Amino acid sequence: MYLKNKKCLFIGHPCCDFTNECLDILDTFEMNVTCVFSKRENLSIPKRILNWQGDFIFSYRNFWLLNKAVLSSAKIMAINFHPGTPNFAGSGSFSWAVYENADKFGV
């Protein structure tokens, strides 16, 4: 299997069923996963992220802005799963869509 033993950095939210589901899926691929939880805004990026080297970065419900050096530490690719659209970019994008009564929203 192509993903088996590939090194993956997964950044997710600690109180999210979908984060746990993502981790379960990565486990089925037998990837070597480093998981870091992004709990809220305005926290410093942990050294575990800044020093990480591997194959993939998957960011889901992550509050940190990852710089080019961190993104470049993924040999194959870095993917950010984010529901925001250009009209509602950034943190809390789904809340702004509700507030603005958007007809359409999402990835």
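Calculate for the chain the 222 nm mean residue ellipticity that helices alone would give, adding -39,500 (n - 2.57) per DSSP H run of length 4 or more and normalising by residue count, nearest 500 deg cm²/dmol. Mind showing how you got there, number by number?
On the way: 4 runs with 28 residues, N = 107.
After summing the helix terms and dividing by the residues of the chain, the value is -6500 deg cm²/dmol.
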Length-normalised contact order for the chain - Cα pairs under 8 Å, 6+ apart - percent: 25
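Among the listed pairs 68/104; 6/47; 75/104; 7/68; 4/75, give every one whose C-alpha distance is greater than 24 Å.
Working: 68/104 31 Å; 6/47 21 Å; 75/104 35 Å; 7/68 19 Å; 4/75 15 Å.
Going by Cα-Cα distance, 68/104; 75/104 fall outside the 24 Å limit.
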Between helix 17-28 and the chain: long-axis angle, C-alpha atoms, 0 to 90°, nearest 10: 30
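Order 44, 95, 59, most accessible first, counting only protein heavy atoms with a 1.4 angstrom probe. Write out the running numbers ahead of the final one.
Values: 44 100, 95 60, 59 5 Å².
Ranked from most to least accessible, the order is 44, 95, 59.
Quick check: net charge around residue 39, other residues with Cβ under 15 Å of its Cβ, Lys/Arg +1 and Asp/Glu -1? Don't skip to the end; give the middle numbers.
Values: positive: 40, 48, 61; negative: 41.
Result for the neighbourhood of residue 39: +2.
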Those trypsin sites (Lys or Arg not before Pro) in the stretch 46-107 that DSSP places in a loop and that have at most 12 other beta carbons within 10 Å: 104
DSSP-assigned coil residues among GluC sites (Glu not before Pro) in the stretch 1-73, each with at most 14 further Cβ atoms within 10 Å: 30, 41
Correct choice for log10 I(q)/I(0) by the Debye sum over Cα atoms at q = 0.12, 0.18, 0.22 Å⁻¹ that was computed from the model, options [x] -0.37, -0.84, -1.28; [y] -0.45, -0.92, -1.22; [z] -0.43, -0.84, -1.17: [y]
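The values are calculated or read from the model by the stated rules, or taken from the named source; none is laboratory data. The shown structure was predicted, so the numbers you read here are calculated from the model rather than taken from an experiment. For neighbour counting, all protein chains shown are included, and Cβ atoms are generated from backbone atoms with ideal geometry for every residue, glycine included. Calculation scope for accessible area: heavy atoms of the full protein, side chains included, ligands and nucleic acids excluded. Shrake-Rupley method; radii C 1.70, N 1.55, O 1.52, S 1.80 Å.
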